[in-house]
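The values are calculated or read from the model by the stated rules, or taken from the named source; none is laboratory data. As the structure is a computational prediction, the values presented were derived from the model and not from experiment. Ideal geometry is used to build each Cβ from the backbone, glycine not excepted, and the neighbour counts take in all protein chains shown.
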Amino acid sequence: MPVLLLIVGINFIGVGALIPVLPYTVIEMLGLPASVMTMLLASFALAMFVANPILGRLSDHYGRRRVLFLSLAVSAAAHLWFALSSDILSMFAARIIAGFASGNTGVIQAMIADRTTDEKRAQYMGLLGAAIGVGFVAGPALGGLFSHIGGGPLHQAPFLLAAGFSLLALILTTRLKAPPDGRILPEDEKVRLLARVAVLTRSPLALYAAVALVLNLAFAQVEASFVLVLRDYLEFGARETGWLFTYIGVCIVIVQAVLIRHIVARFGEIGAMGLGGVLLVSGQIMTVLAVAGLLPGNGWPLVQTLVATTAICFGFAVASPALSSVASKVAGRSSRGGSLGVVQGFGSLGQVIGLVVAGPLYDLGGTSYPFSFGALVMFGMLAILPFLVRPTEDS
């Protein structure tokens, strides 16, 4: 388990490295609008959406470790391509390939679920989120710091580093041991992918997939627009942005490595999802009020931003692993990889829609538009929670 969590953290460094440099690469270096920047983010998420159920189901058939190894190799190559790109078409192609490779998130979730009991699953899903948080701590910090190294564009050095980290994660997969029961399914359990997706979307997992979609749709507004808030509202550059995203990663690590098991023990997994949703919507509303000058403490914009950011990060950090944990219990063991891949895939679809919408919303009305949209969407997620099917003891 420690090796698997280390792989996750290293893998997500490459994702986080893009965050502080993206607006300066796309908007300032290439002279393109914010909508193109968010479309670049969306292309990654769309590829992840397509890949998650495919890689998850392939891992059910051919083994988790083999699929993870191949996806990390592709990820390293894609990061290298992005580092050497200087035109928007090459950047899009590299990010689409990297997004497809990052569809291994469902595979990693299934590997954790394979190795844990139901009682400890929320805790280990929290540790998974914490490992992702570590990646987001190191990724943006390194992206901001390395953006000023060398004579190339801001994104070049951070992504050369990200490619190296992906190769390191690939090497670490050779240390993973297969679970005792193996991962190759009997021939009569091999169901066609599209048929499997159709079955799952009519199952109790359908509403969990809807929650994943809505949660990520709302959070995508933050992903796409927060770097622009920092640039416009606080006049941050790439380095300062990297440090603030490091703070975000620290918050995620604290919640998902330490607090999540206590929150789930107190409220249950679905209750934890509700608590996370309330925190997330509160942070988005605070951001809208701060930018509009209606939040107390206008003379301390950085403090306002930190308070709102903390609420958003704590909210998403609580809701996401709780969702993964309870969905893994509802899914049957023999199809867990495919099931979690579908749920994760719908989350990626929500991210795609959110990122596509966020750019035009920002171009139309600045920060208040995407963050207000995200808050409205979160109320929709909170309305779905009472209708979720609870897992049975023999799931």
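Hey, among GLY249, GLY276, which residue is touching a Ser or Thr at 6+ places or on another chain (Cβ under 9 Å) and part of a helix (DSSP H, G or I)?
Criteria check complete, one pass: GLY276.
Considering only residues that are outside any helix (DSSP H, G or I) and modelled with pLDDT of 80 or more, which ones fall in the stretch 319-366?
GLY366, the sole residue that qualifies.
Take THR241 and tell me if it is surrounded by fewer than 23 Cβ atoms within 10 Å (Cβ to Cβ) and within 20 Å of SER147 (Cα to Cα).
no
Considering each of ARG239, ARG261, ARG266, ARG231 in turn, give the residue that is assigned to a helix (DSSP H, G or I) and either free of Cβ contacts under 8 Å to residues at least 12 places away in the same chain or out of contact with any helix residue (DSSP H, G or I) (no Cβ under 9 Å at 6 or more places or on another chain) (or both).
Going through ARG239, ARG261, ARG266, ARG231 in turn, the sole match is ARG266.
Quick one: would you say GLY315 is surrounded by 24 or more Cβ atoms within 10 Å (Cβ to Cβ), modelled with pLDDT under 90, closer than 20 Å to SER225 by Cα and touching a helix residue (DSSP H, G or I) at 6+ places or on another chain (Cβ under 6 Å)?
no
Any idea which of ALA34, ALA45 is aliphatic (A, V, I, L, M), surrounded by 24 or more Cβ atoms within 10 Å (Cβ to Cβ) and either in contact with a helix residue (DSSP H, G or I) (Cβ under 7 Å, 6 or more places away or on another chain) or touching a residue at least 60 places away in the same chain (Cβ under 8 Å) (or both)?
ALA45
So if I check each of LEU259, LEU289, LEU323, which one is farther than 23 Å from SER372 by Cα and surrounded by fewer than 24 Cβ atoms within 10 Å (Cβ to Cβ)? Spell out the reasoning first.
Details: LEU289 fails: farther than 23 Å from SER372 by Cα; LEU323 fails: surrounded by fewer than 24 Cβ atoms within 10 Å (Cβ to Cβ).
Within the list LEU259, LEU289, LEU323, the selection yields LEU259.
Does the stretch 55-103 hold any residues that are buried (at least 24 other Cβ atoms within 10 Å of the Cβ), of a type in the set (D, E, K, R) and more than 19 Å from the chain's Cα centre (by Cα), and which are they?
Across the stretch 55-103, the qualifying residues are ARG57, ASP60, ARG64.
Taking only pairs six or more apart or across chains, which ones have beta-carbon atoms under 6 Å, a first residue in the stretch 11-23 that is crowded, with 24+ Cβ neighbours inside 10 Å, and a second residue that is modelled with pLDDT under 75 and among the β-branched types (Val, Ile, Thr)?
Qualifying pairs under 6 Å: PHE12/ILE132.
For the stretch 1-84, which helices (runs of 4 or more DSSP H) that fit wholly inside it have 1 or more residues that are more than 30 Å from THR174 (Cβ to Cβ)?
Those helices (runs of 4 or more DSSP H) span 34-62.
Can you go through GLU189, GLU235, GLU269 and tell me which one is modelled with pLDDT under 85 and among the charged types (D, E, K, R)?
Numbers: GLU235 fails: modelled with pLDDT under 85; GLU269 fails: modelled with pLDDT under 85.
It is GLU189.
Mind checking which pairs have a first residue in the stretch 279-293 that is among the polar types (S, T, N, Q) and a second that is crowded, with 24+ Cβ neighbours inside 10 Å, Cβ under 6 Å, 6 or more apart or different chains?
GLN284/PHE371; GLN284/GLY374; THR287/ALA308; THR287/PHE371
In contact with a helix residue (DSSP H, G or I) (Cβ under 6 Å, 6 or more places away or on another chain) and under 24 Å from GLY380 (Cα atoms), is that true of GLY276?
yes
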